[in-house]
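The values are calculated or read from the model by the stated rules, or taken from the named source; none is laboratory data. Predicted model only: the values in this text are computed from it and were never measured. For neighbour counting, all protein chains shown are included, and Cβ atoms are generated from backbone atoms with ideal geometry for every residue, glycine included.
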Ligand SMILES: *Cc1c(COP(=O)(O)O)cnc(C)c1O
(Lines give C-alpha, C1' and ligand atoms only; values in the text may rest on other atoms or scores of the structure.)
Protein backbone atom coordinates (compact mmCIF):
# COMPACT_ATOMS: atom_id res chain seq x y z
CA UNK A 1 0.00 0.00 0.00
CA UNK A 2 1.08 3.54 -0.79
CA UNK A 3 1.82 5.45 2.43
CA UNK A 4 -0.35 8.51 2.98
CA UNK A 5 0.33 11.75 4.84
CA UNK A 6 -2.99 11.54 6.69
CA UNK A 7 -2.11 8.39 8.62
CA UNK A 8 1.68 8.56 8.59
CA UNK A 9 1.95 12.02 10.19
CA UNK A 10 -1.39 12.02 12.02
CA UNK A 11 0.10 12.68 15.44
CA UNK A 12 1.86 15.83 14.24
CA UNK A 13 -1.20 17.22 12.46
CA UNK A 14 -4.55 18.62 13.64
CA UNK A 15 -6.36 15.39 12.80
CA UNK A 16 -8.89 13.88 15.23
CA UNK A 17 -11.39 11.02 15.15
CA UNK A 18 -13.95 13.21 13.36
CA UNK A 19 -11.60 14.18 10.55
CA UNK A 20 -12.49 12.23 7.40
CA UNK A 21 -9.64 10.51 5.57
CA UNK A 22 -8.50 12.44 2.50
CA UNK A 23 -5.79 11.50 0.01
CA UNK A 24 -5.16 11.59 -3.70
CA UNK A 25 -1.67 10.18 -3.18
CA UNK A 26 0.16 13.34 -2.08
CA UNK A 27 3.53 13.58 -0.35
CA UNK A 28 6.51 11.20 0.01
CA UNK A 29 8.27 12.93 -2.85
CA UNK A 30 11.87 12.07 -3.77
CA UNK A 31 14.86 13.90 -2.29
CA UNK A 32 17.49 13.57 -5.00
CA UNK A 33 21.16 14.45 -4.66
CA UNK A 34 22.27 16.85 -7.33
CA UNK A 35 25.52 15.10 -8.24
CA UNK A 36 26.83 17.53 -10.85
CA UNK A 37 26.08 20.74 -8.98
CA UNK A 38 27.33 19.27 -5.71
CA UNK A 39 30.66 18.41 -7.37
CA UNK A 40 30.91 21.83 -8.94
CA UNK A 41 30.21 23.76 -5.75
CA UNK A 42 31.90 21.33 -3.29
CA UNK A 43 28.83 20.85 -1.16
CA UNK A 44 25.90 18.41 -0.91
CA UNK A 45 22.93 19.80 -2.80
CA UNK A 46 19.62 17.94 -2.68
CA UNK A 47 16.45 18.65 -4.62
CA UNK A 48 13.06 17.98 -3.05
CA UNK A 49 10.94 17.06 -6.04
CA UNK A 50 7.56 18.53 -5.16
CA UNK A 51 6.58 18.34 -8.81
CA UNK A 52 6.11 14.62 -8.12
CA UNK A 53 2.92 15.30 -6.16
CA UNK A 54 -0.30 14.15 -7.88
CA UNK A 55 -1.17 17.55 -9.35
CA UNK A 56 2.49 18.45 -9.92
CA UNK A 57 3.13 20.89 -7.07
CA UNK A 58 3.52 21.00 -3.27
CA UNK A 59 0.06 22.55 -2.97
CA UNK A 60 -1.34 19.00 -2.57
CA UNK A 61 0.37 18.66 0.83
CA UNK A 62 -1.68 21.52 2.19
CA UNK A 63 -4.80 20.73 0.27
CA UNK A 64 -5.33 17.19 1.59
CA UNK A 65 -5.62 18.49 5.15
CA UNK A 66 -7.58 21.62 4.23
CA UNK A 67 -10.15 19.53 2.38
CA UNK A 68 -10.30 17.00 5.25
CA UNK A 69 -11.04 19.82 7.70
CA UNK A 70 -13.60 21.30 5.29
CA UNK A 71 -15.39 17.95 5.18
CA UNK A 72 -15.15 17.68 8.96
CA UNK A 73 -17.05 20.98 9.17
CA UNK A 74 -19.65 19.49 6.78
CA UNK A 75 -18.98 22.20 4.25
CA UNK A 76 -19.49 21.31 0.59
CA UNK A 77 -17.95 24.26 -1.25
CA UNK A 78 -14.36 25.45 -1.64
CA UNK A 79 -12.95 28.57 -3.27
CA UNK A 80 -9.47 29.91 -3.95
CA UNK A 81 -7.55 32.64 -5.72
CA UNK A 82 -4.67 31.23 -7.65
CA UNK A 83 -1.60 31.86 -9.76
CA UNK A 84 -2.38 28.35 -11.06
CA UNK A 85 -1.16 25.56 -8.82
CA UNK A 86 -3.59 26.12 -5.96
CA UNK A 87 -6.49 25.98 -8.41
CA UNK A 88 -5.18 22.75 -9.95
CA UNK A 89 -4.84 21.17 -6.52
CA UNK A 90 -8.17 22.43 -5.14
CA UNK A 91 -9.94 21.26 -8.28
CA UNK A 92 -8.46 17.74 -7.98
CA UNK A 93 -9.51 17.24 -4.35
CA UNK A 94 -12.82 18.95 -5.04
CA UNK A 95 -13.46 16.43 -7.80
CA UNK A 96 -12.66 13.38 -5.70
CA UNK A 97 -14.53 14.57 -2.61
CA UNK A 98 -17.51 15.95 -4.49
CA UNK A 99 -17.11 19.58 -3.48
CA UNK A 100 -18.28 22.53 -5.51
CA UNK A 101 -14.95 24.15 -6.45
CA UNK A 102 -14.57 27.74 -7.62
CA UNK A 103 -11.22 29.18 -8.66
CA UNK A 104 -10.59 32.87 -9.24
CA UNK A 105 -7.63 33.50 -11.53
CA UNK A 106 -5.92 36.61 -12.94
CA UNK A 107 -6.83 36.91 -16.62
CA UNK A 108 -4.11 35.81 -19.04
CA UNK A 109 -1.63 35.19 -16.21
CA UNK A 110 -2.01 31.47 -15.65
CA UNK A 111 0.45 28.98 -17.14
CA UNK A 112 -1.30 26.77 -19.68
CA UNK A 113 -0.67 23.44 -17.94
CA UNK A 114 -2.19 24.68 -14.68
CA UNK A 115 -5.29 26.08 -16.35
CA UNK A 116 -5.83 22.84 -18.26
CA UNK A 117 -5.68 20.93 -14.97
CA UNK A 118 -8.40 23.02 -13.33
CA UNK A 119 -10.53 22.52 -16.44
CA UNK A 120 -9.88 18.77 -16.55
CA UNK A 121 -10.86 18.31 -12.90
CA UNK A 122 -14.06 20.22 -13.56
CA UNK A 123 -13.70 23.35 -11.41
CA UNK A 124 -15.77 26.48 -11.99
CA UNK A 125 -13.21 28.95 -13.31
CA UNK A 126 -13.66 32.71 -13.01
CA UNK A 127 -11.00 34.75 -14.78
CA UNK A 128 -10.86 38.32 -13.45
CA UNK A 129 -9.46 41.48 -14.87
CA UNK A 130 -6.88 41.88 -12.09
CA UNK A 131 -3.76 40.27 -10.60
CA UNK A 132 -3.36 37.56 -7.95
CA UNK A 133 -3.52 39.96 -5.02
CA UNK A 134 -6.85 41.30 -6.31
CA UNK A 135 -8.12 37.76 -6.85
CA UNK A 136 -7.40 36.96 -3.20
CA UNK A 137 -9.16 40.12 -2.01
CA UNK A 138 -12.22 39.11 -4.04
CA UNK A 139 -12.18 35.60 -2.57
CA UNK A 140 -12.08 36.98 0.98
CA UNK A 141 -14.98 39.23 0.13
CA UNK A 142 -17.18 36.56 -1.45
CA UNK A 143 -16.52 33.40 0.57
CA UNK A 144 -18.66 34.02 3.66
CA UNK A 145 -21.80 35.19 1.90
CA UNK A 146 -21.75 32.16 -0.40
CA UNK A 147 -20.67 29.73 2.35
CA UNK A 148 -17.41 28.74 0.67
CA UNK A 149 -14.35 27.52 2.55
CA UNK A 150 -11.24 29.42 1.42
CA UNK A 151 -8.47 26.96 0.55
CA UNK A 152 -5.68 29.49 -0.05
CA UNK A 153 -2.73 29.43 2.33
CA UNK A 154 -4.53 31.93 4.59
CA UNK A 155 -6.40 28.79 5.66
CA UNK A 156 -4.25 27.58 8.58
CA UNK A 157 -4.66 23.93 7.58
CA UNK A 158 -2.76 24.57 4.36
CA UNK A 159 0.30 25.51 6.38
CA UNK A 160 -0.21 22.59 8.76
CA UNK A 161 -0.31 20.11 5.87
CA UNK A 162 2.69 21.63 4.14
CA UNK A 163 4.85 21.06 7.26
CA UNK A 164 5.10 17.46 6.10
CA UNK A 165 7.67 18.56 3.51
CA UNK A 166 10.11 19.35 6.33
CA UNK A 167 9.25 16.11 8.15
CA UNK A 168 10.09 14.10 5.05
CA UNK A 169 13.41 15.88 4.45
CA UNK A 170 14.52 15.12 8.02
CA UNK A 171 13.54 11.47 7.57
CA UNK A 172 15.16 11.21 4.15
CA UNK A 173 18.48 12.76 5.19
CA UNK A 174 18.41 11.37 8.71
CA UNK A 175 19.03 14.94 9.96
CA UNK A 176 18.07 18.55 9.19
CA UNK A 177 19.92 20.20 6.32
CA UNK A 178 22.28 23.09 7.09
CA UNK A 179 20.52 25.34 4.58
CA UNK A 180 17.23 25.32 2.72
CA UNK A 181 16.43 27.41 -0.34
CA UNK A 182 12.76 27.90 -1.18
CA UNK A 183 10.83 30.21 -3.52
CA UNK A 184 8.50 32.69 -1.80
CA UNK A 185 5.26 33.99 -3.29
CA UNK A 186 2.37 34.31 -0.88
CA UNK A 187 4.89 33.21 1.77
CA UNK A 188 2.92 30.28 3.17
CA UNK A 189 5.27 27.47 2.25
CA UNK A 190 8.42 28.89 3.83
CA UNK A 191 6.42 29.42 7.02
CA UNK A 192 5.19 25.80 6.87
CA UNK A 193 8.68 24.39 6.49
CA UNK A 194 9.91 26.39 9.45
CA UNK A 195 6.98 25.14 11.54
CA UNK A 196 7.76 21.58 10.49
CA UNK A 197 11.46 21.79 11.30
CA UNK A 198 10.72 23.35 14.69
CA UNK A 199 8.12 20.73 15.51
CA UNK A 200 10.53 17.85 14.80
CA UNK A 201 13.26 19.69 16.73
CA UNK A 202 10.95 20.13 19.72
CA UNK A 203 9.98 16.44 19.44
CA UNK A 204 13.72 15.58 19.45
CA UNK A 205 13.49 13.90 16.04
CA UNK A 206 16.28 16.18 14.82
CA UNK A 207 18.89 18.07 16.81
CA UNK A 208 19.40 21.22 14.77
CA UNK A 209 17.46 23.66 12.61
CA UNK A 210 18.37 24.77 9.09
CA UNK A 211 19.07 28.31 7.93
CA UNK A 212 16.31 29.32 5.52
CA UNK A 213 16.75 31.39 2.38
CA UNK A 214 13.52 32.67 0.83
CA UNK A 215 13.87 33.50 -2.84
CA UNK A 216 11.80 36.09 -4.70
CA UNK A 217 12.00 37.46 -8.25
CA UNK A 218 13.39 40.95 -8.87
CA UNK A 219 10.03 42.25 -10.14
CA UNK A 220 8.02 40.66 -7.34
CA UNK A 221 10.14 40.99 -4.21
CA UNK A 222 7.97 42.61 -1.51
CA UNK A 223 9.84 40.83 1.28
CA UNK A 224 13.29 41.82 0.02
CA UNK A 225 12.32 45.39 -0.81
CA UNK A 226 10.16 45.62 2.31
CA UNK A 227 7.16 47.14 0.57
CA UNK A 228 3.99 46.08 -1.23
CA UNK A 229 4.53 45.79 -4.98
CA UNK A 230 1.46 47.06 -6.87
CA UNK A 231 2.16 45.41 -10.22
CA UNK A 232 4.41 42.44 -9.55
CA UNK A 233 6.10 41.13 -12.65
CA UNK A 234 8.20 38.02 -13.29
CA UNK A 235 8.32 35.08 -15.64
CA UNK A 236 7.90 32.88 -12.55
CA UNK A 237 4.12 33.15 -12.36
CA UNK A 238 3.78 31.09 -9.16
CA UNK A 239 5.67 33.76 -7.21
CA UNK A 240 4.21 36.76 -9.03
CA UNK A 241 2.72 38.18 -5.83
CA UNK A 242 3.12 41.73 -4.53
CA UNK A 243 1.44 41.56 -1.13
CA UNK A 244 2.12 38.16 0.49
CA UNK A 245 -0.62 37.02 2.88
CA UNK A 246 1.84 35.26 5.20
CA UNK A 247 4.48 38.02 5.13
CA UNK A 248 4.75 38.25 8.93
CA UNK A 249 5.08 34.50 9.46
CA UNK A 250 7.69 34.34 6.72
CA UNK A 251 9.71 37.20 8.25
CA UNK A 252 9.64 35.42 11.61
CA UNK A 253 10.85 32.21 9.96
CA UNK A 254 13.73 34.00 8.29
CA UNK A 255 14.70 35.86 11.46
CA UNK A 256 14.46 32.84 13.76
CA UNK A 257 16.53 30.72 11.37
CA UNK A 258 19.12 33.49 10.84
CA UNK A 259 18.39 33.37 7.12
CA UNK A 260 17.66 35.97 4.46
CA UNK A 261 15.22 36.92 1.73
CA UNK A 262 17.01 37.16 -1.60
CA UNK A 263 15.88 38.28 -5.03
CA UNK A 264 17.00 36.94 -8.38
CA UNK A 265 16.43 38.15 -11.94
CA UNK A 266 14.26 36.37 -14.50
CA UNK A 267 17.44 35.61 -16.46
CA UNK A 268 18.94 33.97 -13.36
CA UNK A 269 15.74 31.95 -12.98
CA UNK A 270 15.73 30.72 -16.58
CA UNK A 271 19.45 29.93 -16.43
CA UNK A 272 18.87 27.88 -13.29
CA UNK A 273 15.89 26.10 -14.87
CA UNK A 274 18.12 25.11 -17.78
CA UNK A 275 21.01 24.00 -15.55
CA UNK A 276 18.72 21.81 -13.43
CA UNK A 277 17.27 20.23 -16.57
CA UNK A 278 20.56 19.74 -18.40
CA UNK A 279 22.82 18.77 -15.51
CA UNK A 280 20.40 16.82 -13.34
CA UNK A 281 17.60 15.65 -15.61
CA UNK A 282 14.91 17.45 -13.66
CA UNK A 283 12.48 19.82 -15.36
CA UNK A 284 10.93 22.19 -12.82
CA UNK A 285 8.83 25.28 -13.32
CA UNK A 286 10.48 28.74 -13.23
CA UNK A 287 9.34 29.59 -9.67
CA UNK A 288 11.00 26.39 -8.46
CA UNK A 289 14.23 27.16 -10.28
CA UNK A 290 14.36 30.43 -8.32
CA UNK A 291 15.54 28.45 -5.29
CA UNK A 292 18.59 27.19 -7.18
CA UNK A 293 19.14 30.62 -8.74
CA UNK A 294 19.27 31.98 -5.18
CA UNK A 295 21.86 29.42 -4.16
CA UNK A 296 24.03 30.15 -7.20
CA UNK A 297 23.75 33.89 -6.55
CA UNK A 298 24.94 33.54 -2.95
CA UNK A 299 27.84 31.31 -4.01
CA UNK A 300 28.85 33.90 -6.59
CA UNK A 301 28.72 36.58 -3.88
CA UNK A 302 31.25 34.56 -1.86
CA UNK A 303 29.03 32.76 0.69
CA UNK A 304 30.83 29.63 1.85
CA UNK A 305 28.71 26.50 1.63
CA UNK A 306 31.58 24.03 1.30
CA UNK A 307 30.73 20.55 2.63
CA UNK A 308 27.33 21.77 3.82
CA UNK A 309 24.05 19.94 3.26
CA UNK A 310 21.72 22.10 1.23
CA UNK A 311 18.15 21.37 0.17
CA UNK A 312 16.47 23.29 -2.65
CA UNK A 313 12.70 22.88 -2.79
CA UNK A 314 11.66 22.36 -6.41
CA UNK A 315 8.06 23.32 -5.81
CA UNK A 316 6.43 22.45 -9.14
CA UNK A 317 6.76 20.47 -12.36
CA UNK A 318 8.17 22.13 -15.48
CA UNK A 319 5.45 20.67 -17.69
CA UNK A 320 2.97 23.07 -16.13
CA UNK A 321 4.47 26.02 -17.94
CA UNK A 322 5.43 24.91 -21.46
CA UNK A 323 5.09 28.33 -23.12
CA UNK A 324 7.88 30.00 -21.16
CA UNK A 325 10.32 27.16 -21.69
CA UNK A 326 9.41 26.87 -25.36
CA UNK A 327 10.43 30.45 -26.03
CA UNK A 328 14.06 29.82 -25.26
CA UNK A 329 14.31 26.15 -26.20
CA UNK A 330 12.72 26.34 -29.67
CA UNK A 331 15.95 26.88 -31.58
CA UNK A 332 17.03 23.34 -30.69
CA UNK A 333 14.73 21.70 -33.21
CA UNK A 334 16.15 20.90 -36.66
CA UNK A 335 13.56 20.00 -39.29
CA UNK A 336 14.22 17.40 -41.99
CA UNK A 337 12.31 15.18 -44.42
CA UNK A 338 11.79 11.51 -43.54
CA UNK A 339 14.84 10.54 -45.63
CA UNK A 340 17.29 8.65 -43.35
CA UNK A 341 20.29 10.21 -45.14
CA UNK A 342 19.02 13.67 -44.45
CA UNK A 343 18.29 12.77 -40.82
CA UNK A 344 21.79 11.25 -40.43
CA UNK A 345 23.32 14.40 -41.82
CA UNK A 346 21.28 16.59 -39.50
CA UNK A 347 22.45 14.60 -36.46
CA UNK A 348 26.10 14.81 -37.50
CA UNK A 349 25.84 18.54 -38.12
CA UNK A 350 23.95 19.32 -34.89
C1 LIG B 1 2.53 28.33 -4.73
C2 LIG B 1 3.88 28.16 -5.31
C3 LIG B 1 5.01 28.83 -4.83
C4 LIG B 1 4.93 29.86 -3.75
O5 LIG B 1 4.56 29.34 -2.50
P6 LIG B 1 3.99 30.32 -1.38
O7 LIG B 1 3.50 29.45 -0.31
O8 LIG B 1 2.87 31.09 -2.05
O9 LIG B 1 5.11 31.23 -1.00
C10 LIG B 1 6.24 28.54 -5.39
N11 LIG B 1 6.37 27.66 -6.39
C12 LIG B 1 5.31 27.00 -6.89
C13 LIG B 1 5.51 26.04 -8.01
C14 LIG B 1 4.03 27.23 -6.37
O15 LIG B 1 2.98 26.58 -6.89
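Quick look at the values:
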quantity	calculated
Check on residue 334, more than 17 Å from residue 220 (Cβ to Cβ), in contact (Cβ under 8 Å) with a residue 40 or more places away in the chain and more than 16 Å from the ligand (Cβ to nearest atom)	no
Options 249, 223, 212; residue that is farther than 12 Å from residue 290 by Cα, within 11 Å of the ligand (Cβ to nearest atom), within 20 Å of the chain's Cα centre (by Cα) and without any contact (Cβ under 8 Å) to a residue 60 or more places away in the chain	223
The one condition in (1) under 20 Å from the mean Cα position of the chain (by Cα); (2) surrounded by fewer than 17 Cβ atoms within 10 Å (Cβ to Cβ) that residue 153 fails to fulfil	(2)
Enumeration of residues in region 330-346 that are surrounded by 10 or more Cβ atoms within 10 Å (Cβ to Cβ), assigned to a helix (DSSP H, G or I) and modelled with pLDDT under 95	346
Residue selected from region 192-205 under the condition crowded, with 22+ Cβ neighbours inside 10 Å and more than 8 Å from the ligand (Cβ to nearest atom), by the criterion nearest to residue 248 (Cα to Cα)	194
Cross-chain or 6+ apart pairs with Cβ under 6 Å, region 109-123 first and in contact (Cβ under 8 Å) with a residue 40 or more places away in the chain, then outside any loop (DSSP other than H, G, I, E, B) and surrounded by fewer than 22 Cβ atoms within 10 Å (Cβ to Cβ)	112/323; 113/319
Output for region 294-329, where each listed residue is within 13 Å of the ligand (Cβ to nearest atom) and either surrounded by fewer than 20 Cβ atoms within 10 Å (Cβ to Cβ) or assigned to a helix (DSSP H, G or I) (or both)	294, 318, 319, 320, 324
Options 17, 26: the member that is free of Cβ contacts under 8 Å to residues at least 12 places away in the same chain, under 26 Å from residue 101 (Cα atoms) and in a loop (DSSP other than H, G, I, E, B)	17
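Yes/no per residue for (1) within 22 Å of residue 195 (Cα to Cα); (2) in contact with a strand residue (DSSP E or B) (Cβ under 6 Å, 6 or more places away or on another chain):
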residue: 252; (1), (2): yes, no
residue: 275; (1), (2): no, no
residue: 291; (1), (2): yes, yes
residue: 313; (1), (2): yes, yes
residue: 324; (1), (2): no, no
